[in-house]
1. Where only protein heavy atoms count, and the probe is 1.4 Å, what is the accessible area per residue for the chain in Å²?
2. Give the calculated FRET efficiency between Glu6 and Asp91 to the nearest 0.05, with a Förster radius of 35 Å applied to their Cβ-Cβ distance.
3. First measure r as the distance between the Cβ atoms of Asp30 and Thr162, then evaluate 1/(1 + (r/R0)^6) with R0 = 25 Å and state the FRET efficiency to the nearest 0.05.
4. Over segment 38-88, calculate the relative contact order: mean separation of alpha carbon pairs under 8 Å at least 6 apart, over the residue count, as a percent.
5. Suppose a student asked you for the relative contact order of the chain, using Cα pairs under 8 Å spaced at least 6 residues apart; what percent would you report?
6. Pairs to check: Lys92/Lys113; Lys92/Lys157; Lys107/Lys141; Lys113/Lys141; Lys75/Lys157. Give those whose C-alpha atoms are more than 27 Å from each other in this structure.
7. At 0.36 nm per residue, minus the direct Cα-Cα distance, what do Gln62 and Glu169 gain on full extension? Give it in nm, one decimal, please.
8. Picking from Leu86, Thr97, Leu63, whose Cα lies most toward the positive end of the charge dipole for segment 55-110 (charges on Cβ: Lys, Arg +1; Asp, Glu -1)?
Amino acid sequence: MTHLLETERLIIRNWIPQQDAEQVFAIYNDPEVIYFLGSAARPPSIEVQRQHLIDSLEESEQLKNGTGSWAIVEKDTKKIAGTIMLSQLPDKNRIPTQEIEVGWHLKRSDWGKGYATEAGRAILEYGFNQLHLPVIYAVVKPGHLASIHVTERLQMKPLGLTSNYYGIELLLFQQTPPDKIKGIGDR
């Protein structure tokens, strides 16, 4: 399965490592993009980035639970705008928990276009309606106002500060399935 979801302006699809590595490398080598992600998010080469994408695909396949990391692609340009994910939150020791988080990383030139909200809304719908998740979380560094605003637009409930994940203090947000999530296919 290459395409997971489509929205009005975006395609959310599986990674194609040979095709995507160069664009993704450029995204994760932008200091402003990784400012809130930390320097560990910066791959040292395109080949390492390609391997990260291969590893991501293999991990999703091994988990067999429908979670993963996907490319956000602009329909008009076919260029990668960023990453959207549903993944297991790691505890303080970086050991995966059973709690699922939604996350997004976008290239700087696509900030402010509403892509994070559009992709986030679609992936929340997928998580609730296809994977039947009971709750989805988001964690955001306290100073990352743009991501905090995305959680607000996604109507995620703020739960306050937590140090339970990634070994650092983060803002925790939660979303539970509404009766029906408006989004893909709803007009």
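The values are calculated or read from the model by the stated rules, or taken from the named source; none is laboratory data. Values in this document were obtained by computation on a predicted structure and should not be read as measured data. All Cβ positions, even for glycine, are placed from backbone atoms using ideal geometry, and neighbour counts span all protein chains on display. Keep in mind that these areas ignore ligands, DNA and RNA; they rest on the heavy atoms of the full protein, side chains included. Shrake-Rupley method; radii C 1.70, N 1.55, O 1.52, S 1.80 Å.
1. 54 Å²
2. My answer for the efficiency is 0.55.
3. The formula returns an efficiency of 0.35 here.
4. 23 percent
5. 19 percent
6. Lys92/Lys113; Lys75/Lys157
7. Stretched out fully, the Gln62 to Glu169 stretch lengthens by 35.5 nm.
8. Projecting each Cα onto the dipole axis, the largest value belongs to Leu86.
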